[in-house]
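Report on the structure given below.
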Amino acid sequence: MRKTKIWPFLLLMMLAITVVLAACSSDNSSDSKENTSKDKGESTASTGNKVLIFGRGGDSVSLDPIAVTDGESYKVTQNLFETLLNFGEQDTTIHEGLATKWEPSDDGLTYTFTLREGVKFHDGTDFNAEAVVKNFERWANGTEDKFPYYASMFGGFKGDEGHVIASVTADGNNKVIFKLTRAQAPFLKNIAMSPFGMASPTAFEKDGDKFGDNPVGTGPFKFVEWKRNDSITIEKFDGYWEKGLPKLDKIVFRSIPDNSARLNALLSNEIDLADGINPADGKTVEGDSNLQLFERPSMNVGYLGLTNTRPPFDNVKVRQAMNYAIDKQSIIDAFFEGRAEIAKNPMPPSISGYNDDIPGYEYNPEKAKQLLAEAGLADGFEMELWAMPVPRPYMPDGAKVAEVIQKNLADIGVKAKIVSYEWATYLEKARNGEADAFMLGWTGDNGDADNFIYVLLDGDNIGSNNYAYYDNKDLHKILIEAQTEVDENKRIDLYKQAQEIIFKDAPWVPLAHSTPLLAGKADLINFLPHPTGSDKLTNVDFK
């Protein structure tokens, strides 16, 4: 009898255990689904790893930093590569990097760098003086198509008349000597810029033009995977020279082109950090206890570029008319929510040498019509207006701003057709001079006026960063003199003269200097947005 009673009891117990196990299994499955929505199966909670999901507005163009000029590429490469010198955490003062010491000669023509010892590239090869020499040889023997930033910052390539760097040589294993053809005031700041990250010679000699698909640097993170127009994954480099860093185990950069969709991804726990937050959404973020709002120190300009070699923009009166035609204040009111100021110069007021005496072009459609009539275009003309396909720090919504500009131009008889392309194609075609007028902008790389005016508007840089194809010989003389001059007060005077020339020639329509917004989870710590737009994530962590 006792035996017959215990079996039903045991059966009931087994059934209860099965239900409990099934419930536990169901709970784990639910966690797995949540993790998949965040990082395709991986998460901090389930693995014990610290994974940061960084939502951004567009994909990178290349992960070879010397081959690109776009901020989306530098967001990633800043954490894969390191430069000889670093900027400050939230400014552009010079600090140690892969070099621990730098000594300029009295005449400013020789710089001796002492390199950090014990540094390895991600492929296990040594970082040393010979690696530095090979990187600079690679760049100096390039072309504007391949390495546009090198030409912009160092006056051309090997053999060019304006090339600033005469030689780069190794003195033993840990010293590098740079000899210049002429003094260059911003030389150290140029060296610290993201494009000049040290790459493994073994890797770039092996991969050639494909190096940007499989980058190898000395940075705190190493490359893992790139799913085009979707995500880029990098992970902690265990051989990093600075012990205890980085804090994170993995970073996934997710491309989410729409600003609102990116914020929604943050709100729904799909990502941990988002850039390109609409100014209108700033208060929403500030009012959510689960989030925090970050302001990037402003060092940018958004502009409408006019290709000066394409009719009718080869006529200065037409370019001036475009400046009078556009209502900049309405653009700032509608799209920046007070987190921007009207631009009148090609560089922001935060840069030394800014000329505040420039009056700027006020919104004056009648004056614009008058200038068009003087140019023989009283009935207006037709043109293409290129709108950026991705949000940028200096322009939160390029497509909608383009619509405002289109309406402004229609008011003066100019019929503008809005066109756009995929981001990398947009940049390439605009750089090749194929646009009539194009929306673009610039976030400063090193905090020097040279990095705005010379890089963006000097004839030397047509085909690289001078998308407007603007060339003024008098301006060129002033800019080269300003580069060579080491007296800061004299440099300031020269840059003020340069802005006067640019104001009269009107190669662009400067639009706005913005304060870009980012948002992150409340438990994210040690994230310091950098004014250059390239953020080092070495110390970022979760509470």
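For the stretch 520-531, filtered to residues that are in contact (Cβ under 8 Å) with a residue 24 or more places away in the chain and open to solvent by 20 Å² or more (accessible area, probe 1.4 Å), the residue that is farthest from residue 289 (Cα to Cα) is 528. Taking (1) closer than 27 Å to residue 89 by Cβ; (2) of a type in the set (A, V, I, L, M); (3) crowded, with 21+ Cβ neighbours inside 10 Å in turn, residue 291 satisfies each apart from (3). Residue 277 meets the conditions (1) surrounded by fewer than 17 Cβ atoms within 10 Å (Cβ to Cβ); (2) within 30 Å of residue 510 (Cα to Cα); (3) β-branched (Val, Ile, Thr) in every case but one. The failed one is (1).
To keep it simple, each residue is scored yes or no on (1) open to solvent by 40 Å² or more (accessible area, probe 1.4 Å); (2) modelled with pLDDT under 95.
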| residue | (1), (2) |
| --- | --- |
| 71 | no, yes |
| 94 | yes, no |
| 106 | yes, yes |
| 114 | no, no |
| 124 | yes, no |
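For the stretch 184-200, the criterion of being surrounded by 21 or more Cβ atoms within 10 Å (Cβ to Cβ) and more than 30 Å from residue 480 (Cα to Cα) is met by at least one residue. Report yes if residue 323 is closer than 25 Å to residue 429 by Cβ and either aromatic (Phe, Trp, Tyr) or in a loop (DSSP other than H, G, I, E, B) (or both), otherwise no. No; evaluated as a whole, the condition is false for this residue.
Of the residues in the stretch 104-117, not one is under 25 Å from the mean Cα position of the chain (by Cα), under 17 Å from residue 198 (Cβ atoms) and touching a residue at least 40 places away in the same chain (Cβ under 8 Å). Consider the stretch 345-371 and keep the residues that are assigned to a loop (DSSP other than H, G, I, E, B) and of a type in the set (Gly, Ala, Ser). The one that is most open to solvent (accessible area, probe 1.4 Å) is 350. Selection of the stretch 353-375 for residues being touching a Pro at 6+ places or on another chain (Cβ under 9 Å) and on the phi > 0 side of the Ramachandran plot yields only 360.
Please specify each residue of the stretch 218-235 satisfying the condition of being assigned to a strand (DSSP E or B) and open to solvent by less than 50 Å² (accessible area, probe 1.4 Å). Of everything in the stretch 218-235, those that are assigned to a strand (DSSP E or B) and open to solvent by less than 50 Å² (accessible area, probe 1.4 Å) turn out to be 221, 223, 226, 231, 232, 233, 234.
Restricting attention to the stretch 324-344, and to residues there that are among the basic types (Lys, Arg) and at pLDDT 95 or above, which single residue is farthest from residue 410 (Cα to Cα)? Ranking the qualifying residues of the stretch 324-344, first place goes to 344.
Among the residues that make up the stretch 199-214, is at least one of them within 18 Å of residue 66 (Cβ to Cβ), basic (Lys, Arg) and touching a residue at least 24 places away in the same chain (Cβ under 8 Å)? So far as the stretch 199-214 goes, no, none of its residues is within 18 Å of residue 66 (Cβ to Cβ), basic (Lys, Arg) and touching a residue at least 24 places away in the same chain (Cβ under 8 Å). No other residue among 460, 474, 493, 487 is surrounded by fewer than 19 Cβ atoms within 10 Å (Cβ to Cβ) and closer than 20 Å to residue 180 by Cα apart from 487. Residue count for the stretch 435-490 satisfying the condition of being in contact (Cβ under 8 Å) with a residue 12 or more places away in the chain, of a type in the set (S, T, N, Q) and part of a strand (DSSP E or B): 1.
The values are calculated or read from the model by the stated rules, or taken from the named source; none is laboratory data. Everything numeric here is computed off the predicted structure, so don't read it as measured data. Every residue, glycine among them, receives a Cβ derived from its backbone with ideal geometry; neighbour counts consider all protein chains shown. Side chains are part of the model used for accessible areas, which takes the heavy atoms of the whole protein and leaves out ligands, DNA and RNA. Shrake-Rupley method; radii C 1.70, N 1.55, O 1.52, S 1.80 Å.
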